[in-house]
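The structure under discussion appears below in the form of structure tokens.
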Amino acid sequence: MKGCSNCKKGVILCIFHRSVSYFKTRFTSEKDCFLKNKVMEKLFDILLKNRKILHDHLQNTPKEDLFRIPKGFNNNIWWNIAHVVVTPQLLLYGLSGLDFTIEKELIDKYRKGTFPDGEPSKLEMEKISAYLFSTVKLIQLDYSHGKFKNFKEYMTSPKIALASPEDAIAFNVFHEGLHLGAIGALKKALELDR
């Protein structure tokens, strides 16, 4: 069986790359554009549902558990939530040559390759909590207005090539799912650590 040419998985074309390539090859007619818009609406809907789950974790997890790093981990629940907020800023605004819509200090503190460094201030926690929803709405608005037209191709850590804003948005759904899973693992480890 031939592997996916993008990620080398042992399938004809992995599901993620098949959907991403769908954007590049199939949306040429008015009907196709309608379908693309429906797919993008669904991706934004999924992102907002992810953010609701993250917000619930933020509101319902005891504060000491938000910041505790269990044995065998290198980050905590808080870092994962903040990281999810800053990543689309880099993937969409950064790769399109646009100004970020949140503070660069937050992006630098929670971007890929960073680790938790003490507890955040109350103000920082309030900002991240608000940004969970406001940034998705703004990205959706900016996408609908074509602001990401100068998107620069990028190869992600898991070797998924992003060639368009649509690719970045689809990848971001995948990325947030990974971090939701990480939060679940952290919660389980914290319970076992008690």
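Remarks
- Just one of the listed residues (Thr87, Thr101, Thr114) is outside any helix (DSSP H, G or I), closer than 25 Å to Asp65 by Cβ and polar (S, T, N, Q), namely Thr114.
- Selection within region 154-169 - touching a residue at least 40 places away in the same chain (Cβ under 8 Å) and more than 17 Å from Thr135 (Cβ to Cβ): Tyr154, Ser157, Pro158, Lys159, Ile160, Ala161, Leu162, Ala163, Ser164, Glu166, Asp167
- Members of region 170-194 that are without any contact (Cβ under 8 Å) to a residue 40 or more places away in the chain and touching a strand residue (DSSP E or B) at 6+ places or on another chain (Cβ under 9 Å): none
- Top-ranked residue in region 85-113 [being free of Cβ contacts under 8 Å to residues at least 12 places away in the same chain and of a type outside the set (Phe, Trp, Tyr); ranked as surrounded by the most Cβ atoms within 10 Å (Cβ to Cβ)]: Gly94
- In this structure, Val39 qualifies as farther than 16 Å from Ser129 by Cβ, modelled with pLDDT under 95 and over 16 Å from the mean Cα position of the chain (by Cα).
The values are calculated or read from the model by the stated rules, or taken from the named source; none is laboratory data. This structure is a prediction, so every number in the text was calculated from the model and none was measured. A quick note on method: Cβ atoms are made from the backbone with ideal geometry, for glycine too, and the neighbour counts reach across all protein chains shown.
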